[in-house]
Amino acid sequence: MAGDKSKLKALSDIALLDISLEFDEILKNILKITCEALNAPSGTMMLINEDSGEPRMVASHGLPQDYPERVHEIAGFEAVKRSSGASGRVLKTGEYYLVPNILEEPGDKPRYDLSREPGFSSRIFMPIKKGLKVTGLLNVNLEDPRKFTEEEIDFLTIAASQASFAVHKARNYSRLEDKRFEASAKESETIYRELFENAEDPMYTLDIEGNFLTINNSGLRILGCTKEEVIGTHISKWLTPESLLKAQEALKRQVSGESIQHPVILEVICKNGEHRWGEIRTRHIEDGGMIIGVHGIARDVTEKKRMEQKLKEYHEKLMESEARYRDLFNNATDPMYTLDTEGCFREINNAGLRVLGGTLEETIGSNISKWLTPESLRIAQERLGRQFRHLPVPKTIVYELICKNGEHRWAEISTRAIKSGDKVIGIQGNARDVTEKRRLELQLKEYHEKLQKSYEDLIEADRMKTEFVSNISHELLTPMTSIKGFTELLYDEGRMNDEQKKSLEIILRNSDRLIKLIKDLLDVAALEKKKFGLNFEPVSMNDIISKSVQYVQPMAIGKQINMIQNVAPLSKIWGDEERLIQVMTNLITNAIKFTPEKGTITVCADETIEDIRISVADTGIGIPADKLCCIFDRFYQLDGSNSRKHGGIGLGLSICKSIVESHYGSIWAESEGKGSTFRIVLPRLGKEV
């Protein structure tokens, strides 16, 4: 924590450097602040010569006074450009370069001697960038051979960025001051005007009331205005209330001849409403010994201000983080802990103590072997060994714990390595008590096994049922066919009275009904065994519809039902004619069954490019909306009571659906409370066959 605070302060100190100092002094201060923050004994700073592209040492810290000259002498003696070594790598790649041990780095002997004399053995070359361009190098040296940590590298990256910003501003300030001096010396209005208008920093003049007399292009860009929109306006238009008070106080003191402390930080309101910050330095303008106005130069420090604010917020968060972490750690719902490299507890929170049932004194310092079953201990030791060797481990693992009272509990553990540099110094773990989950999983496993056994028993029972239905249906079909045949013979002989004929007609009707029922049961058994054989060939739906209507015509005439056919010429389809006649006959028979006398049944059919569409509509009792989704289910009947008006066992529509879907078609029913419409869509052949 202390190290983080010192680095934050160092970054803040670099950002707040006074750029009006001598350029060399600014560079030395940046280097000194950086080295002291890292406890580094020495360091150097190089800047790129804009003409030659070569880096040249411009500042050093903790090194002999003649060190820069000796470096340049060696470079000249070797007749090798400095950009060809480690510096060159950084210049070319724009990435930092680490030298953990200078004596192991390939190179020439004179440079080793030059490094050994000041007493450093490892160093880092960090690029100083302006945008993507490398403009210099920030080099830090350490006494002992070692790698820099990730925290040190992150700090140096930010420090180099701050250094670039400070160097850039210092150069601009220096150039501006030089230009000012030159303009004053030459007393040239033209040069002054050019400097004024084209200066990188905003410049302006005010009268003693605070009204703008002049403002340069940089100032106009900051405010986002034209010159006409600014000249003559009062500073109150462009400043926040708090900054206006500061500006008016400074103007009052300056007009009265009093000195003010520079710089003054003011918050500016641009034309588009954006707020920016300027660092203001002013001097009064005299005419004949009388102060008539103020000349000001501003530096846009918005990014610096925002960075300072971020640094401040980060610092505050950092100050709070340890307290928050401790509070979160101790009061977390799930157990949390840390282990040392031997597997002994260094920390454990209250939730962890509750699970183990021990006190803090009983747990801290104890080894995990005290709290794990032998199998879980083996797994835990293997996991710890892999993490200490930087090897990957599963995200979570379940351990079986032995609590203080002897109870066994299960915990789902996730861990991460605690590092110092590249070395793992401990393990931080989070746990979740999954004892109840584990017990439920065991119960679910038992239930699953029982359910699986029950399912297998049901499958076997269903198979036996299907086989029984199939066998019994076959056994019934033969005698029923014989009964029907002999009944027809008796009826055809005609040697009986009317009463006997009526009895035979009843026997024939019921025989037909039973034979149809047996055939339906056989079809269902075949469907369940997936042995529902179909004989596909090109067939005519016109013929199929015509035959089906002819077959049921006597039933319709018996109920005085009007049969309407609206069937267009249809292309052939690939199908089983007998099964499709079964579907159409079943649908029309159902329509007759549920349509009152003198009703109407309409059979329609047409085709599209891809499909043939058939419908059977009736004016019967209709189907309730909540039953439309069920009527194709096996054994389903709208009226399942013993006193129902219409017979059947609910197999017909289920068989129809299976036949249609076996032809790659679809079937459904529609009803709006009165009357029903059954629709079929079947794929047609690509061309006439």
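No value in this document is a laboratory result; all are computed from the given coordinates. Because the structure is predicted, anything quoted here is derived from the model rather than measured. Please note: Cβ atoms are built from the backbone with ideal geometry, for glycine as well, and neighbour counts cover all protein chains shown.
Report, as a whole number in µm² per second, the diffusion coefficient that Stokes-Einstein gives for region 552-607 at 10 °C and 1.306 mPa s using the Kirkwood radius over alpha carbon pairs. Write down the numbers at each step before the final one.
Working: Rh = 12.4 Å.
It diffuses with D of about 128 µm²/s by this estimate.
Please report, largest first and rounded to whole Å, the three semi-axes of the ellipsoid equivalent to region 537-683, where each semi-axis is the square root of five times an eigenvalue of the C-alpha gyration tensor.
On the way: eigenvalues 116, 63, 38 Å².
Equivalent ellipsoid semi-axes, largest first: 24, 18, 14 Å.
With r defined as the distance between the Cβ atoms of N562 and L628 and R0 fixed at 22 Å, what FRET efficiency is calculated, to the nearest 0.05? Intermediate values should be presented prior to the final figure.
Details: r = 25 Å, r/R0 = 1.15.
Efficiency at R0 = 22 Å is approximately 0.30.
Measuring from label point to label point, each 7 Å out along Cα→Cβ, what is the N172 to D498 span in nm?
In this crude spin-label approximation the distance works out to 12.2 nm.
In Å and whole numbers, how far do the C-alpha atoms of region 338-424 stretch along each principal axis, longest first?
Computed over the Cα atoms, the extents are 39, 25, 18 Å.
Return the whole-Å distance between the Cα centroid of region 279-345 and the Cα centroid of region 546-592.
88 Å
Placing one identical point scatterer on every Cα of region 274-369 and ignoring solvent, what is log10 I(q)/I(0) from the Debye formula at q = 0.24 Å⁻¹?
-1.14
Relative to a virtual label point 7 Å from the Cα of R416 in the Cα→beta-carbon direction, which members of region 321-358 show backbone nitrogen distances below 19 Å?
The answer is 321-341, 346-349.
Just to verify a number: FRET efficiency for E362 and H315, C-beta to C-beta distance, R0 = 56 Å, to 0.05?
On the way: r = 39 Å, r/R0 = 0.69.
Approximately 0.90, to the nearest 0.05.
Does anything in region 335-358 have its amide N under 19 Å from the 7 Å Cα→Cβ label point of I425, and if so which residues?
Those under the cut-off are 337-348.
Hey, with R₀ at 45 Å, roughly what FRET efficiency would K598 and L685 work out to, going by the Cβ-Cβ distance, to 0.05? Please list the in-between numbers first.
Numbers: r = 40 Å, r/R0 = 0.88.
The formula returns an efficiency of 0.70 here.
State, to one decimal in nm, how far the label point of L21 lies from the label point of E286, with both points 7 Å from Cα in the Cβ direction.
Label-label distance for L21 and E286, simple model: 3.1 nm.
Let me have the relative contact order for region 338-424, percent, based on Cα pairs under 8 Å that are six or more residues apart.
Numbers: 100 pairs, mean separation 20.4, N = 87.
Answer for region 338-424 is 23 percent.
Using the 2.2 N^0.38 Å rule of thumb for compact globular proteins, work out how region 381-433 stacks up: its C-alpha Rg over that value, please. The partial results should precede the final answer.
On the way: Rg = 12.9 Å, N = 53, 2.2 N^0.38 = 9.9 Å.
Rg over 2.2 N^0.38 Å, computed on Cα atoms: 1.29.
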